[in-house]
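Here is the structure we will look at.
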Amino acid sequence: MKIKKIHYISGLAITLFVGIHLFNHSLSVWGDDRHIEMMNTLRIFYRNIFVETILLVAVFTQIVSGLKLFKTNRKTAVSYFEKLQIWTGLYLAFFFIIHLSAVLGGRYVLQLDTNFYFGVAGLNTFPLNLFFVPYYGLAILSFFGHIAAIHNKKMKKSVLGLTPNQQSTLIVVLGFILTIFIFYGLTNQFNGVTIPKEYDVIIGKSL
């Protein structure tokens, strides 16, 4: 099987999970309780040895194949969306490595529930938020940018009067709007969330 096909198939599995994950994050606008309630429901389906193994294999495959494709395609990319695809893919590979390491470390080393509070602790603490705001923000934007670039490559016809370029641009714009929406919910100065003390270890308070 060609590396592009492998990359595409693993990407479908990851896209499904990330879509569910971002939906869960969007509920934080209505409070941490709503977010955690939905997360606990969704974990019934994805936090088991079978699904987690598939996701881990898919992410590993996506990173390895993506880096190979980046090396091959970065010199031949010409159009805006071709360049968007390879650079957003590179950032997503970086994000997956860091994010998975952090989540697995939090779960098995720090013995924390890697829930809403695990994600927002650094995001709401200065100066750590100087890293976490662009880190998370670029991840969401890169996800939608990558989808937009793939859509642009595969879509050949206009839909509702929108050309493929316009459709892909709309996907990027929707990603930008969703990023702002999610950050509104994840930022405690807007929603009054209090982070439990056990998560202080993440921001160095208990060191």
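Anything in the stretch 139-170 that is among the β-branched types (Val, Ile, Thr) and within 27 Å of His25 (Cβ to Cβ)? List them, or say none.
Answer for the stretch 139-170, where residues must be among the β-branched types (Val, Ile, Thr) and within 27 Å of His25 (Cβ to Cβ): Ile140, Ile147, Ile150, Thr169.
Is there any pair with a first residue in the stretch 67-85 that is free of Cβ contacts under 8 Å to residues at least 60 places away in the same chain and a second that is surrounded by 14 or more Cβ atoms within 10 Å (Cβ to Cβ) and small (Gly, Ala, Ser) whose Cβ atoms are under 8 Å apart and which are 6 or more apart or on different chains, and what are they?
Short answer, once both residue conditions are applied: Leu67/Ala93; Phe70/Gly89; Phe70/Ala93; Lys83/Ala77.
Filter the stretch 67-123 for residues that are among the small types (Gly, Ala, Ser), modelled with pLDDT under 95 and farther than 30 Å from Lys197 by Cβ and give the result.
Across the stretch 67-123, the qualifying residues are Ala77, Ser79.
Would you mind telling me which numbered condition in (1) modelled with pLDDT of 95 or more; (2) farther than 23 Å from Arg43 by Cα; (3) surrounded by 16 or more Cβ atoms within 10 Å (Cβ to Cβ) Ile203 fails?
(1)
Which residues, taken from the stretch 27-52, are modelled with pLDDT of 95 or more and polar (S, T, N, Q)?
Correct list: Asn40, Thr41.
Kindly indicate the residue of the stretch 149-169 that is exposed (fewer than 15 other Cβ atoms within 10 Å of the Cβ) and hydrophobic (A, V, I, L, M, F, W, C) and also farthest from the chain's Cα centre (by Cα) among those meeting that condition.
Leu160
Checking Phe143 against (1) hydrophobic (A, V, I, L, M, F, W, C); (2) surrounded by fewer than 18 Cβ atoms within 10 Å (Cβ to Cβ); (3) under 19 Å from Gln62 (Cβ atoms): exactly one of these is not met. Which one?
(2)
Which of the numbered conditions does Leu104 fail, given that it passes all the others? Conditions: (1) within 17 Å of the chain's Cα centre (by Cα); (2) surrounded by 13 or more Cβ atoms within 10 Å (Cβ to Cβ).
Here Leu104 clears every test but (2).
Please verify whether the stretch 31-50 includes one or more residues that are free of Cβ contacts under 8 Å to residues at least 60 places away in the same chain, closer than 19 Å to Tyr8 by Cα, out of contact with any strand residue (DSSP E or B) (no Cβ under 8 Å at 6 or more places or on another chain) and of a type in the set (A, V, I, L, M, F, W, C).
Taking every residue of the stretch 31-50 in turn, none turns out to be free of Cβ contacts under 8 Å to residues at least 60 places away in the same chain, closer than 19 Å to Tyr8 by Cα, out of contact with any strand residue (DSSP E or B) (no Cβ under 8 Å at 6 or more places or on another chain) and of a type in the set (A, V, I, L, M, F, W, C).
For every residue, the table says whether it meets (1) in contact (Cβ under 8 Å) with a residue 40 or more places away in the chain; (2) touching a helix residue (DSSP H, G or I) at 6+ places or on another chain (Cβ under 9 Å).
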site	(1), (2)
Phe96	no, yes
Tyr108	no, no
Thr114	no, yes
Phe118	yes, yes
Gly122	yes, yes
Pro134	no, no
Gly145	yes, yes
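The values are calculated or read from the model by the stated rules, or taken from the named source; none is laboratory data. Just so it is clear, the structure is predicted and the values come from calculations on it, not from any experiment. Glycine gets a Cβ as well: all are built from the backbone with ideal geometry, and neighbour counts include every protein chain shown.
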